[in-house]
Amino acid sequence: MKVRVTWKWWTVPPCHYVISWTGMPDACPLVRVSFLASMLARELTAAKVMLLCCFHSYAYSTPVVITGLTDNTKFRSLCSKWNLLTTYGDRQVRLSTANTYSYTKVDMSFRDYVDDLLRPQSPDVLGSDTLYMFGDNNLSEWRSLLDVYEPPAFLLPGTHRAFSFGIAGPGTGVPFHWHGPGFSEVIYGRKRWFLYPPDEGPPFHPNMSTLSWLRDVYPGLPPHQAPLQCTIRPGQVLYFPDRWWHATLNLDTSIFISTFLG
Ligand SMILES: O=C(O)CCC(=O)C(=O)O
């Protein structure tokens, strides 16, 4: 498999194609639900009830991609490079290493992260040597921005939401791991997801980046060991059920939010 990474900066409009590969399907076999299609019936309440029933039928069993569930147009406009650097450049971000068991944390200013670290990932760099802005940020520093984010409306009984906001370069991502259920939304860029059910752990090394897994392990997988996979784009939300294994790969420089239900 050939993986080619080139560099483009995120700006408005988003979605530059910066990674391309051959030999990998882009079709998404995951269940897809369109909120917009339901809305076209002009029956907002009926559409919401229908979608809620639909969501609950997948919530405990199957990842699902939902289109049009949120409208984050305003949030997206606040996430332009100019606005983020102007407003939040001096705020602290906490970076985590991009390996499965990420223990190392590094604090720096958002501006330094953008200037020094936000760049394409090489497949030869280990997860432990890659710093990823996701997961452990002091969200109170970013509160004024995150307050504008419209999260997916659905909750599971007995859960509430916890957010994780991230920005990362093309070719970065998190290798296979699992935890509780939640949603993933990209604000800019595209994110490829690789998923396995809880009882079918994937073959991987916890310190291997998703990109090197894709280059070195994925092509040799027999069909019965292939992951479920899907690329999500702005306007789509991926729901992952409890304890599903997953790894991510940012195809572009991406801005993204996970909403964990815990
Ligand atoms: O968005 C990402 O790159 C990481 C998401 C993830 O793995 C998670 O939400 O647990």
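Among the small types (Gly, Ala, Ser), within 16 Å of the ligand (Cβ to nearest atom), under 18 Å from PRO120 (Cβ atoms) and assigned to a loop (DSSP other than H, G, I, E, B) - does that describe any residue in region 210-223?
First pass over region 210-223, keeping only residues among the small types (Gly, Ala, Ser): 212, 220.
Narrowing the set further to residues that are within 16 Å of the ligand (Cβ to nearest atom) leaves 212.
Retained after the next criterion (residues that are under 18 Å from PRO120 (Cβ atoms)): 212.
After this cut, where a residue has to be assigned to a loop (DSSP other than H, G, I, E, B) as well, the list is none.
No.
Anything in region 155-176 that is in a loop (DSSP other than H, G, I, E, B) and among the small types (Gly, Ala, Ser)? List them, or say none. Quick ask: steps written out before the conclusion?
Applying the first criterion (in a loop (DSSP other than H, G, I, E, B)) to region 155-176 yields 155-160, 169-176.
The answer is GLY158, GLY169, GLY171, GLY173.
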Kindly list, by first and then second residue, each pair from a residue in region 182-198 that is in contact (Cβ under 8 Å) with a residue 40 or more places away in the chain and closer than 16 Å to PHE260 by Cα to a residue that is part of a loop (DSSP other than H, G, I, E, B) and hydroxyl-bearing (Ser, Thr, Tyr), limited to pairs with Cβ atoms under 8 Å and residues at least 6 apart or on different chains. GLU185/THR70
Residue tally, condition within 14 Å of CYS79 (Cα to Cα) and of a type in the set (Ser, Thr, Tyr), over region 139-193: 3
Take PHE163 and decide whether it is within 11 Å of the ligand (Cβ to nearest atom) and more than 22 Å from GLY127 (Cα to Cα). yes
Among all residue pairs at least 6 apart or on different chains, which show Cβ distances below 7 Å where the first residue, located in region 250-262, is closer than 22 Å to GLY171 by Cα and modelled with pLDDT of 95 or more and the second is among the acidic types (Asp, Glu) and more than 8 Å from the ligand (Cβ to nearest atom)? PHE256/GLU185; ILE257/GLU185
When you check TYR103 against the structure, is it modelled with pLDDT of 90 or more, of a type in the set (Ser, Thr, Tyr) and at negative phi, yes or no? no
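Restricting the search to region 180-208, which residues are under 13 Å from LEU228 (Cβ atoms) and buried (at least 19 other Cβ atoms within 10 Å of the Cβ)?
If the condition is that a residue be under 13 Å from LEU228 (Cβ atoms) and buried (at least 19 other Cβ atoms within 10 Å of the Cβ), then ARG192, TRP193, PHE194, LEU195, TYR196, PRO202 are the ones that fit.
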Please specify each residue of region 143-153 satisfying the condition of being more than 16 Å from the ligand (Cβ to nearest atom) and either modelled with pLDDT under 90 or part of a helix (DSSP H, G or I) (or both). ARG143, SER144, LEU145, ALA153
Restricting attention to region 233-255, which residues are part of a loop (DSSP other than H, G, I, E, B) and either within 11 Å of the chain's Cα centre (by Cα) or more than 11 Å from the ligand (Cβ to nearest atom) (or both)? ARG233, PRO234, GLY235, PRO241, ASP242, ARG243, LEU251, ASP252, THR253
Could you please find all residues in region 105-139 being within 18 Å of THR210 (Cα to Cα), assigned to a loop (DSSP other than H, G, I, E, B) and out of contact with any Pro (no Cβ under 6 Å at 6 or more places or on another chain)? LEU118, ARG119, GLN121, SER122, PRO123, ASP124, VAL125, LEU126, THR130, PHE134, GLY135
Restricting region 186-208 to residues that are in contact with a strand residue (DSSP E or B) (Cβ under 9 Å, 6 or more places away or on another chain) and of a type in the set (A, V, I, L, M, F, W, C), the residue that is farthest from the ligand (Cβ to nearest atom): PHE204
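The values are calculated or read from the model by the stated rules, or taken from the named source; none is laboratory data. The structure presented is a predicted model; accordingly, all values stated were derived computationally and were not measured. Please note: Cβ atoms are built from the backbone with ideal geometry, for glycine as well, and neighbour counts cover all protein chains shown.
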